[in-house]
Amino acid sequence: MKPFLVGLLALVLPLTNAQVPHWGPCPEPSTQPAFNLKKFMGRWFEIAKLPAQFERGRCIETNFTLTLDGSARVVSSEILKGEVKRIEGTAVVEDKKNPAKLGVSFSYVLPYTPYWILSTDYESSAVVYSCTDVLRLFHVDFAWILGRTRSLPAATVEHGKDVFTNNNIDVSRMILSRQKDCD
C-alpha cells in the first residue's frame, strides 16, 4: 500500500506547487453563525493568504454580486506582469442549514470547491477557508484573510490567523498579500 501512496503523491504534488499537502482528510472548521450572504456581497481585497498556485499576482481582489436566482457572481482579479487578469465564476450556498458554506466554481465543467466563511463582520474583514481532499488520504488547504480596504490593522490580521489556528488549520506559511501600487 505504501508504494501506492508514494505514487499518488508523486502525481498530485506537482499540481499543488505552492500548497503544502497534509495527511488525512480536510478539517471541519466552525463557520460564521447566522451567515447573511447578502451582507457579504461587494468588494473584498486579499490581505493575507496561504500561498496558492493560482494566485501569483498582486492587488488581488474579488467582487461578489447577488444574482436573481440567489447565487452570486464572483469576479476575481489580480495584476500579473503588469497586466490585469480577471476570472469570473459563481458562488452558491451548498448547505441551506449552514449558509456560510459556499461553493465556488470558475468553470462550467469543474465542480464547486468549498469557500467557507469562518468569520466576518461584513464591514471590514472576513476569514475564508477552502480545502481540497484527495481520497481522504491527504488534503491541501487554502486560506485567506480579506478586507474591505487594501490593508487591515495588524491586530485584525492576527485575529484572523487565530480563527484558523483555533480550527486546527495550519497558517504558519501564511503571507501578506501585495496590495501596493494597484491603481
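The values are calculated or read from the model by the stated rules, or taken from the named source; none is laboratory data. As the structure is a prediction and not an experimental result, all values here were calculated from the model. In this analysis, Cβ positions are derived from the backbone assuming ideal geometry, glycine residues included, and neighbour counts consider all displayed protein chains.
Descriptive notes on the structure:
- Test: residue in the range 147-166 that is more than 13 Å from K49 (Cα to Cα), at pLDDT below 95 and either in contact with a His (Cβ under 6 Å, 6 or more places away or on another chain) or not in a strand (DSSP E or B) (or both): no
- Inter-residue pairs, beta-carbon under 6 Å, first without any contact (Cβ under 8 Å) to a residue 40 or more places away in the chain and in the range 109-124, second in a loop (DSSP other than H, G, I, E, B), 6+ apart: S124/R148
- Residue check, V157 in contact (Cβ under 8 Å) with a residue 12 or more places away in the chain, over 24 Å from L37 (Cβ atoms) and in contact with a helix residue (DSSP H, G or I) (Cβ under 7 Å, 6 or more places away or on another chain): no
- Condition met for V75 (surrounded by 17 or more Cβ atoms within 10 Å (Cβ to Cβ) and either more than 15 Å from the chain's Cα centre (by Cα) or of a type outside the set (F, W, Y) (or both)): no
- Considering the range 51-66, and only residues there that are more than 13 Å from L146 (Cβ to Cβ) and at pLDDT 90 or above, the residue that is surrounded by the fewest Cβ atoms within 10 Å (Cβ to Cβ) turns out to be T65.
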